[in-house]
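Step one of this worksheet: look at the structure below.
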Amino acid sequence: MRTVFAGDSINFSYDTKKPVLNGLSLSIGDKQIYGLLGPNGAGKSTLTKVMLGLDKPQSGKLQWFNEIPNRSTNKRVGYVPQDLALIYDLSAYENVLFFGKLYGLKGERLKKQVRYALEFVGLWDERKQKPKKFSGGMKRRLNIACGIVHNPDVIIFDEPTVGVDPQSRNRILEGIIELNQIGTTIIYISHYMEEIEKVCSHVGIMDKGELLVEGTLNEVISQHTDQAVIKLELQKRASAYTTQLEKYQVISTEGNLVELGVLKNDVGVISSIKEDFGDDIKSFQYIAPNLEQVFFKLTKKNLRD
């Protein structure tokens with residue numbers, strides 16, 4: 001598979017005593033939806049700036065499309081920032097037109113691409129309105145239109161669904177999948193684990209400026225955890241079942257709710273739990289190994305901490 005971005009041993013720091021990127025290497029293949037995860041302070045925002053050429057690393061190499069970044073490669077990359085990049089005194093159409101001109105589009109092609117971008121995000125009918133009248137979800141979609149107007153080969157989405165309603169979130173996620181289906185490589189940065197699992201083909205997990213793991217979503221999950229979780233709702237508070245719980249790996253207890261760690265596909269332990277707690281089990285939920293478990297195992301943190 002062709003590599004669209006490759007970073008090798010990237011080091012970057014604002015303060016020489018505390019590196020933000022610490023020998024980080026990263027590889028993103030053509031037509032992937034690559035989810036980049038990391039706790040707050042992991043270095044994701046700095047990495048994005050380095051990838052876009054906004055910050056220059058102290059050492060290391062990076063390439064876009066097997067070339068050292070240049071004006072030509074820059075035009076092939078789109079960026080949808082977390083902070084809305086909109087001009088509120090201009091109409092939706094004028095906003096997208098402005099960004100199209102920044103990317104060098106002119107004439108009929110510019111008009112065609114502006115219409116395409118606004119139709120893609122479902123805002124063509126609202127093109128004459130100013131974004132200050134838009135809902136949060138509509139502003140996010142306009143932000144996306146501004147980032148895709150030049151039809152880039154790669155688009156970096158940085159938290160594109162923050163603060164939007166469920167309907168707008170689903171529309172944005174569906175749009176990202178559609179962009180990928182027509183051949184666009186997506187780099188997706190999010191604090192929402194369920195979004196990463198829903199749309200991404202590949203993931204990379206970073207912490208403290210280092211890439212801890214990367215690969216296909218299934219590879220990362222299967223290679224880095226074999227633990228499933230069983231959630232029990234019991235008749236009494238968990239403290240009433242001290243004897244039964246001693247033989248299990250207890251992840252958490254809260255009131256009458258208990259989470260147990262078990263090996264995946266361990267039919268024996270499931271039978272044992274049902275035997276030990278019997279009719280005291282009000283509900284029983286089996287959660288297969290997932291990305292959240294891998295993330296916590298590698299970083300010892302929750303994603304939104």
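The values are calculated or read from the model by the stated rules, or taken from the named source; none is laboratory data. What you see is a predicted model; the values in this text were computed from it and never measured. Backbone-built Cβ (ideal geometry, glycine too); neighbour counts: all protein chains shown.
Within the option set V20, V77, being closer than 21 Å to M1 by Cα and either among the polar types (S, T, N, Q) or assigned by TED's automatic domain parsing to the domain that holds K128 (or both) holds for one residue only, V77.
Considering only residues that are modelled with pLDDT of 90 or more and of a type in the set (D, E, K, R), look in region 250-264 and name the one that is farthest from D226 (Cα to Cα). Applying the filter and picking the extreme gives E254. Here the condition is being farther than 30 Å from P289 by Cα, in contact (Cβ under 8 Å) with a residue 12 or more places away in the chain and in a helix (DSSP H, G or I); of G122, G100, G104, it holds for G100 alone. Scan region 172-191 residue by residue and report those that are surrounded by fewer than 16 Cβ atoms within 10 Å (Cβ to Cβ) and not β-branched (V, I, T). Listed by number, the residues that qualify are E174, E178, Q181, G183.
One line per residue, one yes/no per condition, for (1) hydrophobic (A, V, I, L, M, F, W, C); (2) free of Cβ contacts under 8 Å to residues at least 24 places away in the same chain; (3) loosely packed, with under 15 Cβ neighbours inside 10 Å; (4) not in a loop (DSSP other than H, G, I, E, B):
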position: F5; (1), (2), (3), (4): yes, no, no, yes
position: L26; (1), (2), (3), (4): yes, no, no, yes
position: G35; (1), (2), (3), (4): no, no, no, yes
position: V50; (1), (2), (3), (4): yes, no, no, yes
position: Q63; (1), (2), (3), (4): no, no, no, yes
position: G78; (1), (2), (3), (4): no, no, no, yes
position: Y88; (1), (2), (3), (4): no, no, yes, no
position: N95; (1), (2), (3), (4): no, no, no, yes
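Taking the criterion of being outside any strand (DSSP E or B) and surrounded by 16 or more Cβ atoms within 10 Å (Cβ to Cβ), the residues of region 52-61 that qualify are D55, P57. For the criterion of being under 21 Å from Q167 (Cβ atoms), assigned by TED's automatic domain parsing to the domain that holds S45 and either basic (K, R) or touching a Phe, Trp or Tyr at 6+ places or on another chain (Cβ under 6 Å) (or both), K133 passes. Being modelled with pLDDT of 95 or more, under 22 Å from M51 (Cα atoms), touching a His at 6+ places or on another chain (Cβ under 7 Å) and surrounded by 15 or more Cβ atoms within 10 Å (Cβ to Cβ) is a description that does not apply to V203.
When the residues of region 266-299 are filtered to those that are of a type in the set (S, T, N, Q) and surrounded by 12 or more Cβ atoms within 10 Å (Cβ to Cβ), the one that is farthest from the chain's Cα centre (by Cα) is S272.
Of the residues making up region 65-76, those that are of a type in the set (F, W, Y) and surrounded by fewer than 13 Cβ atoms within 10 Å (Cβ to Cβ) number 0. Looking at V258, V250, just one residue is surrounded by 12 or more Cβ atoms within 10 Å (Cβ to Cβ), touching a Phe, Trp or Tyr at 6+ places or on another chain (Cβ under 8 Å), aliphatic (A, V, I, L, M) and not in a helix (DSSP H, G or I), and that residue is V258.
Taken over region 212-221, residues that are touching a residue at least 12 places away in the same chain (Cβ under 8 Å), within 20 Å of M1 (Cβ to Cβ) and not in a strand (DSSP E or B) amount to 2. Looking across Y116, Y88, one residue alone is farther than 13 Å from F5 by Cβ, among the aromatic types (F, W, Y), more than 26 Å from the chain's Cα centre (by Cα) and at pLDDT 95 or above. It is Y88. Taking the numbered list (1) in contact with a Phe, Trp or Tyr (Cβ under 9 Å, 6 or more places away or on another chain); (2) outside any helix (DSSP H, G or I) in turn, V269 passes all entries but (2). Scanning region 148-168 for residues that are under 18 Å from Y103 (Cβ atoms) and either over 17 Å from the mean Cα position of the chain (by Cα) or surrounded by fewer than 17 Cβ atoms within 10 Å (Cβ to Cβ) (or both) yields I148, V149, H150, N151, P152, D153.
In region 178-199, which residues are touching a Phe, Trp or Tyr at 6+ places or on another chain (Cβ under 6 Å) and of a type outside the set (F, W, Y)?
Scanning region 178-199 gives a single hit, I187.
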